[in-house]
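Asker: Would you mind keeping the following structure in view while I ask a few things?
The values are calculated or read from the model by the stated rules, or taken from the named source; none is laboratory data. A quick note: this is a predicted structure, and the numbers were derived from the prediction, not measured. Note that each Cβ is placed from the backbone with ideal geometry, even for glycine, and that neighbours are counted across all protein chains shown.
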Amino acid sequence: MSALSSALPDFPWDLLEPAKTLAAAHPDGIVDLSVGTPVDPVPPAVQEALSATSDSPGYPLTAGTPALRAAIAGWLARACGTTGEPGVLPTIGSKELVAWLPTLLGVRPGDVVVIPSVCYPTYEVGARLAGAEVIRSDSLTAVGPDRRVKLIWINSPSNPTGRVLPAAHLRKVVDWARERGVTVVSDECYLSLGWETTPVSVLADEVTGGDHTGVLAVHSLSKRSNLAGYRAGFVGGDPALVAELLAVRKHAGMIVPAPVQAAMIAALTDETHVADQRARYAARRDTLRTALTKAGFEISHSEAGLYLWATRDEDCWATVDRLARRGILAAPGAFYGPAAARHVRIAMTATDERVAAAADRLAEPFTD
């Protein structure tokens, strides 16, 4: 028996431990801007919904309750400009879906999964778990006429770059994939966090023409609603693909707990808490962007999402170490692909006090 883990890359965050130790030694403590974990409170209405359904002794539905499915569909219509009746399915956060989606959709050894040149590492992990080959490319022309391509990942707004793909680009990807029988999956976990532009969903009618065939969109409540600890996500799109996912997930026991399903309904049917959270992130973004620019960093893309994609035009690990000596922990671009080796990702997910501390430390001359 061969260990499946041998086919996977090193877990990236383990590689950051030395820098984390260095940053933690700062006299005023660490400012952790690396992973991007939410720090603000869970909305009260969501907490109340979770508590009210805590007495849930029976098995929950893998497909989600009818009320949850309706809430997801309603949100897709309002936030994504989706008409018709897309298939919907709750997931245990979005990361598990990203990691297992190629396998669940029948991608096999010898197949090809296309991922962005700079992207969330789990896209590659999911392809490797399925035994597939990975091609990093932002251009379908560069992919060429490879008939082994079975699945294409797109990510807008991007993690880590914050880049937003316009509707015309998304439409070209969908048209290209449909001509070849390839599934398009769009990771849209940061859709609610556009700053300099308004992100467009791959499920928008202007992209799909109202036809969801061959298209899926992955969403998460971790960032928009501070529910990372709840593991609350969902996928929507092609009803046939969603039905296939449901059929397999029922066998595999991939079920969102009943109290979390109730909490998801509360989160999806209220936008006030989303606006409040956006305002917090906007203020932190302004503080960090100003401080980084004054410190000599160039900010690339970053028009949406929860991160600033920054560079000093040096090896990313050198930048990580410079920041760590100031008690600031950032994520090296190398985590996100070879093309990102001169950038670092700076998260906005720290308290106002810690963000202010980071800004003060960035004002120190970068002479080391």
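Asker: Does Ser156 qualify as being buried (at least 17 other Cβ atoms within 10 Å of the Cβ), small (Gly, Ala, Ser) and under 30 Å from Asp14 (Cα atoms)?
Answerer: Yes, satisfied.
Asker: Scan Leu61, Leu68 and give me the residue that is aliphatic (A, V, I, L, M) and part of a helix (DSSP H, G or I).
Answerer: The unique qualifying residue is Leu68.
Asker: So, of the residues in region 20-35 that are within 27 Å of the chain's Cα centre (by Cα) and part of a loop (DSSP other than H, G, I, E, B), which turns out to be farthest from Ala347 (Cα to Cα)?
Answerer: Per the criteria, the residue is Ile30.
Asker: Answer yes or no: is there a residue in region 36-54 that is assigned to a loop (DSSP other than H, G, I, E, B), small (Gly, Ala, Ser), modelled with pLDDT under 95 and surrounded by fewer than 17 Cβ atoms within 10 Å (Cβ to Cβ).
Answerer: No, every residue in region 36-54 fails to be assigned to a loop (DSSP other than H, G, I, E, B), small (Gly, Ala, Ser), modelled with pLDDT under 95 and surrounded by fewer than 17 Cβ atoms within 10 Å (Cβ to Cβ).
Asker: As an exercise: evaluate Lys20 against (1) in contact with a strand residue (DSSP E or B) (Cβ under 8 Å, 6 or more places away or on another chain); (2) basic (Lys, Arg); (3) not assigned by TED's automatic domain parsing to the domain that holds Trp309 and give the number of the one condition it does not meet.
Answerer: All conditions are met except number (3).
Asker: Follow-up question, since we're still on this one. Which residue pairs have Cβ atoms closer than 6 Å, lie 6 or more positions apart in sequence or on different chains, and pair a first residue in region 11-26 that is under 30 Å from Arg128 (Cα atoms) with a second residue that is at pLDDT 95 or above and part of a loop (DSSP other than H, G, I, E, B)?
Answerer: Pro12/Pro121
Asker: Sticking with this one: Given (1) modelled with pLDDT under 95; (2) more than 20 Å from Ala324 (Cβ to Cβ), identify the lone condition not met by Cys80.
Answerer: Of everything listed in (1) modelled with pLDDT under 95; (2) more than 20 Å from Ala324 (Cβ to Cβ), Cys80 misses just condition (1).
Asker: On to the next question. If you check every pair at least six apart or on different chains, which have Cβ atoms under 8 Å apart with a residue in region 68-94 that is free of Cβ contacts under 8 Å to residues at least 40 places away in the same chain first and a residue that is surrounded by fewer than 20 Cβ atoms within 10 Å (Cβ to Cβ) and in a strand (DSSP E or B) second?
Answerer: So the pair list comes out empty.
Asker: Now, a different point. When both residues are 6+ apart or on different chains and their Cβ atoms are under 9 Å apart, which pairs have a first residue that lies in region 310-326 and is without any contact (Cβ under 8 Å) to a residue 60 or more places away in the chain and on the phi > 0 side of the Ramachandran plot, and a second that is among the hydroxyl-bearing types (Ser, Thr, Tyr) and crowded, with 16+ Cβ neighbours inside 10 Å?
Answerer: none
Asker: If I go through region 78-107 residue by residue, how many of them are in a loop (DSSP other than H, G, I, E, B) and under 15 Å from the mean Cα position of the chain (by Cα)?
Answerer: Qualifying residue count, region 78-107: 2.
Asker: Which of the residues belonging to region 132-147 are modelled with pLDDT of 95 or more and over 25 Å from Val344 (Cβ atoms)?
Answerer: Answer for region 132-147, where residues must be modelled with pLDDT of 95 or more and over 25 Å from Val344 (Cβ atoms): Ala132, Glu133, Ile135.
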